[in-house]
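Student: Quick one: the structure is below, and I'll ask about it shortly.
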Amino acid sequence: MSLADILDPFKSWHLPFSQWVQDVLTWVVTNYRPLFQTLKWPFDKLLTAFNLGLNGIPPLVTIVFVGLVAWQIAGWRLALQVAGLLVVVGLLGIWGETMTTLSLVFTAVVFCMIVGIPLGVIAGRSERAAAIYRPILDTMQTIPSFVYLVPVVMLFGIGNVPGVIVTIIFALPPVIRLTALGIRQVPEEVVEAMRAFGATNNQLLFKAQLPLALPSILAGVNQTLMMSLSMVVVASMIAVGGLGQMVLRGIGRLDVGLAATGGIGIVILAVILDRLTQAAMSRRRQFGHVAWYRRGPASVFTTMLRPYSPSATQDWKAAGAELLSQNKGNDYERPA
Amino acid sequence: MKAHSVEFKDVWKVFGTGSKLDLASVQRNDLSKAALLEKYGCVAAVAGVSFKVEAGEIFCVMGLSGSGKSTLVRHVNRLIKPSSGQIIVGGEDINQKSENEMRELRARTMGMVFQNVALLPHRTVRDNVALSLELRKASVRQRREIAEEKLELVQLAGWGDRYPDQLSGGMKQRVGLARALAADPAILLMDEPFSALDPLIRRELQDQFKALSTKLGKTTLFITHDLDEAVRLGHHIGVMKDGKMLQIGSADEILGSPNDPYVEKFVQGSSRLKLLKAETVMLPLEEFRTVGQGQPLADAPRLRLDTPIEELLGLSNRHGNTPMVVVDDGGADVGVITASSILRGVHERL
């Protein structure tokens, strides 16, 4: 054996890692493919429901509805912006594709929340769970998506559902991480106070930790939304329809116009979803402590119904007292 | 609820044990804090503390930060478990309780107030006050009624619909107190409740708390780093340093005869004159008669035994330094205060 061989032993022999992966995957595919086909079912149902719903509602109805929702959570300014952007989507002639992409993203985010929030809560409460998650989440976020594209196709076939699954793999980590962070950031004193007054673990979670972690959890959902949108083009490589496919086809045919139209659609969708979720996160600060049904378009309905409710007179009295006390400048401490 | 007594029997709490620590040998050898840290890499936050809080009294634990006083108070509701020793609450050993029994005990018999209040920011003041009731699943109506009642008790009636961030620091701490009182607990645990407040508000809350606790008669373990606060509120005071209880006694005993150099140093800054009251400076009635000044006492102002020195000085001035009569709880004349008796009392304490 020459000196060069000793100094570079990896030249003559190395682990047959790629062969191992091949073998494991082949074994899983031959033995468990039916299982994975069954797993598709809930994804398929939800995706179909979203797709039928979003594509079935006439565009104008959708625009008005989304506008009202935006007005409710963030005020009329954002409502106008969001409605305007949706009109642009319609004018570009990509309404159908946008709704297909949206249903894909919604399905992925729903499953990310169902899986991610409980996992995040566990990680937030247990140091050991967090240590186990960390390398897995790092891998999910950094491994190039093309690497798992093929195995997913081998197990689930092609179509929209494997597209959703690929998206979930990529978009799941932020909601887990930010939920865990939110739970950890609940002040130690609050946890101690809850315990001191006899809270069980569940009461501690649902009455203190989750409500206080809510802004952080919503930030996680927002991140998950954005990351699923960024997966749209990659997912379209396994026959997922929508805006991503427009971009992909545009690249394939060197059709810049087609690719740009699809790209703009994705950007507009991202802006709308980001603005709405951001607004949902900060709405507490904006509106103080007014109940949601007492402001925005919902207040129109509650106000209309009010005279018929039995507690209406009491409410008016309370409102009157409130006004009076505000006029007295009650933000200061009362002298004892 | 009937007041309970709280007793600590040789309680130790050692943090950061690498399991190999031989607690018995530490206790035997009475290692210092530094030696313990060097030899075993752990900290004895509470080191062999024994004392008893009688039912209905306020016991102040006084010590600087790091003395183990906050750790000590958390042993009562077992937020922290002792390394060794017993904590007897109302005749029962807390360590023998199951987790469920303990939760029940915390919700029903112990109220705790924290230095940083720790209210739930997403709930109204009313819901915060009713927390312990909610945790043990009381009806909404009962929660509401009791919350209003307790808010009135701490002079915050009508603030139930507000949120914690709409309240000032002093008001938040009063909400914290109302929350602790909501379950009508036998025991109040106060962990430096007024330390984070500015001096004027602190003084005001101390007075309110004193009046309230006289009325309610709850056994109170009050943690503070402020000697004046301990003297003002506590029936008994325990001074802690490095996890050890150096001296236990009434305010008079602590200030008058400190039995430890540390306590002495601590007490130096605080004037013992503050402890003077009518009872300690008066001349007994017979003595005043034998001195024979022969002044008529029938029209002289009447004072109670515990009238503090500041008030005595003011009154004496206002009445042209004429004698004032001290009456006992039954209303009978027991002594006389003159300008010279006040001066003599002050002189004795200097």
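Student: When DSSP beta bridges are limited to those with both residues in the protein assembly as shown, what percentage is antiparallel, rounded to the nearest 5?
Tutor: 55 percent
Student: For the range A:12-27, what does the Karplus curve 6.51 cos²θ - 1.76 cosθ + 1.60, with θ = phi - 60°, yield as ³J(HN,Hα) per residue in whole Hz, taken in order and with x for Gly and Pro?
Tutor: Calculated HN-Hα couplings, in order: 7, 8, 8, 5, x, 4, 5, 5, 4, 4, 3, 4, 4, 4, 4, 4 Hz.
Student: If you plug each phi of the range A:194-201 into the Karplus form 6.51 cos²θ - 1.76 cosθ + 1.60 with θ = phi - 60°, what whole-Hz ³J(HN,Hα) values come out, in order, with x for Gly and Pro?
Tutor: 4, 5, 4, 9, x, 6, 7, 4
Student: Build a GNM of chain B with springs between Cα atoms under 10 Å: which of B:ASN321, B:ASN128, B:ASN116 gets the top mean-square fluctuation?
Tutor: So, out of B:ASN321, B:ASN128, B:ASN116, the one fluctuating most is B:ASN321.
Student: Output needed: percent of Cα pairs per 10 Å distance bin for the protein assembly as shown, bins running from 0 to the one holding the longest distance.
Tutor: Per 10 Å bin, starting at 0, the Cα pair percentages come out as 3, 11, 16, 17, 15, 14, 11, 7, 4, 2, 1, 0, 0.
Student: While we're here: Which of the peptides A:213-223, B:66-76, A:38-48 is most tightly packed, and how do the rest follow, judged by the mean count of other Cβ atoms within 10 Å per residue?
Tutor: On the way: A:213-223: 20.8, B:66-76: 22.7, A:38-48: 15.5.
Going by the mean number of other Cβ atoms within 10 Å, highest first, we get B:66-76, A:213-223, A:38-48.
Student: Sticking with this structure for a sec: For the charge dipole of chain A, defined by +1 on Lys and Arg C-beta atoms and -1 on Asp and Glu C-beta atoms about the Cα centroid, which residue among A:THR100, A:ALA196, A:ALA235 has the Cα displaced farthest towards the positive pole?
Tutor: A:ALA196
Student: Considering just Cα atoms, how many Å³ per residue does the convex hull of the range A:153-294 enclose? Display every interim value, and only then the final one.
Tutor: Values: hull volume 21.1 nm³, N = 142.
Spread over its residues, the Cα hull of the range A:153-294 gives 148 Å³ apiece.
Student: Any idea what the dipole of chain B comes to, in debye rounded to 20, about its Cα centre with Lys/Arg Cβ at +1 and Asp/Glu Cβ at -1?
Tutor: Using only the charged Cβ atoms, the result is roughly 1140 debye.
Student: Within 10 Å of each Cβ of B:123-134, how many other protein chain Cβ atoms are there on average?
Tutor: Whole-number average of other-chain Cβ neighbours for B:123-134 is 2.
Student: How long are the three semi-axes of the equivalent ellipsoid for chain B, computed from the Cα gyration tensor as the root of 5 times each eigenvalue, in whole Å, largest first?
Tutor: 40, 29, 17
Student: Sequence-distant or interchain residues sharing an amide H contact under 5 Å with B:LEU246, placed H: which?
Tutor: B:VAL239, B:MET240, B:LYS241
Student: Could you check the spin-label model distance between A:THR142 and B:GLU104? Points 7 Å from the Cα along Cα→Cβ, value in nm.
Tutor: 5.3 nm
Student: Related question: Show me B:177-183, B:235-241, A:197-203 ranked by packing, highest mean number of other Cβ atoms within 10 Å first.
Tutor: Most protected by this proxy first, the peptides run B:177-183, B:235-241, A:197-203.
Student: Can you give me the angle between helix A:210-230 and the longest principal axis of chain A, using Cα atoms only, in degrees from 0 to 90, rounded to the nearest 10?
Tutor: Once rounded, one gets 50 degrees.
Student: Between the range B:155-210 and the range B:63-94, what's the alpha-carbon centroid distance in Å?
Tutor: When both Cα centres are located, 23 Å separates them.
Student: When Cβ neighbours within 10 Å are restricted to other protein chains, what is their mean count per residue of peptide B:113-122?
Tutor: The shielding value for this peptide is 5.
Student: Could you derive backbone 3J(HN,Hα) for the range B:48-58 from the dihedral phi with the Karplus parameters 6.51, -1.76 and 1.60 (θ = phi - 60°), listing whole Hz in sequence and x where the residue is Gly or Pro?
Tutor: My calculation for the range B:48-58 gives x, 9, 10, 6, 10, 9, 6, 4, x, 9, 9 Hz in order.
Student: Amide H to amide H, which residues 5 or more places from B:ILE58 or on other chains are under 5 Å from it, using H placed in the peptide plane?
Tutor: When sequence neighbours closer than 5 places are left aside, the close amide H contacts are B:THR220, B:HIS235, B:HIS236.
Student: Here's a follow-up. Could you tell me how far the Cα centroid of the range A:32-63 sits from the Cα centroid of the range A:207-256, in Å?
Tutor: The distance from the Cα centre of the range A:207-256 to that of the range A:32-63 comes to 16 Å.
Student: If I take every Cα pair under 8 Å that is 6 or more residues apart in the range B:6-274, average their sequence separation and divide by the length, what percent do I get for the relative contact order?
Tutor: Result for the range B:6-274 is 25 percent.
Student: Can you order the peptides A:136-142, B:248-254 by their average number of other Cβ atoms within 10 Å per residue, highest first?
Tutor: Ranked from most to least packed, the peptides come out as B:248-254, A:136-142.
Student: When the C-alpha atoms of the range B:45-138 are aligned to their principal axes, what extent does each axis show, in angstrom, from largest down?
Tutor: Computed over the Cα atoms, the extents are 41, 31, 26 Å.
Student: Could I ask something else about it? So which residue, out of A:PHE170, A:PHE17, A:PHE50, gets the largest mean-square fluctuation from a GNM of chain A using Cα contacts under 10 Å as springs?
Tutor: Between A:PHE170, A:PHE17, A:PHE50, it is A:PHE17 that shows the largest mean-square fluctuation.
Student: Per-residue Cβ counts within 10 Å, from other chains only, averaged over A:140-150: what number is that? Intermediate results must be reported in sequence, preceding the final value.
Tutor: Details: counts 0, 0, 0, 0, 0, 0, 0, 0, 0, 0, 0.
Averaged over the peptide's residues, the number is 0.
Student: Right, next: Counting other C-beta atoms within 10 Å, and keeping those with at most 16, which DSSP coil GluC sites (Glu not before Pro) do you find in the range B:35-104?
Tutor: When the GluC sites (Glu not before Pro) of the range B:35-104 are filtered for loop state and at most 16 Cβ neighbours within 10 Å, B:GLU54 remain.
Student: Further question on the same structure: Report, to the nearest whole %, how much of the accessible area of the protein assembly as shown belongs to carbon and sulfur atoms, 1.4 Å probe, protein only.
Tutor: Using a 1.4 Å probe with all protein chains present, the protein assembly as shown comes out at 60 percent carbon and sulfur.
Student: Please list the three semi-axes, largest first and in whole Å, of the ellipsoid equivalent to the range B:276-349, using sqrt of 5 times the eigenvalues of its alpha carbon gyration tensor.
Tutor: Those come to 16, 14, 13 Å.
Student: Which one, B:GLY56, B:GLY217, B:GLY91, has the greatest fluctuation when you compute a Gaussian network model over chain B with C-alpha springs under 10 angstrom?
Tutor: B:GLY91
The values are calculated or read from the model by the stated rules, or taken from the named source; none is laboratory data. Note that the coordinates shown come from a computational prediction; the quantities given were computed from them, not determined experimentally. Cβ coordinates were reconstructed from backbone atoms using ideal geometry, including for glycine residues, and neighbour counts include every protein chain displayed. Just so you know, the surface numbers come from the protein's heavy atoms only, side chains and all, with ligands and any DNA or RNA stripped out. Shrake-Rupley method; radii C 1.70, N 1.55, O 1.52, S 1.80 Å.
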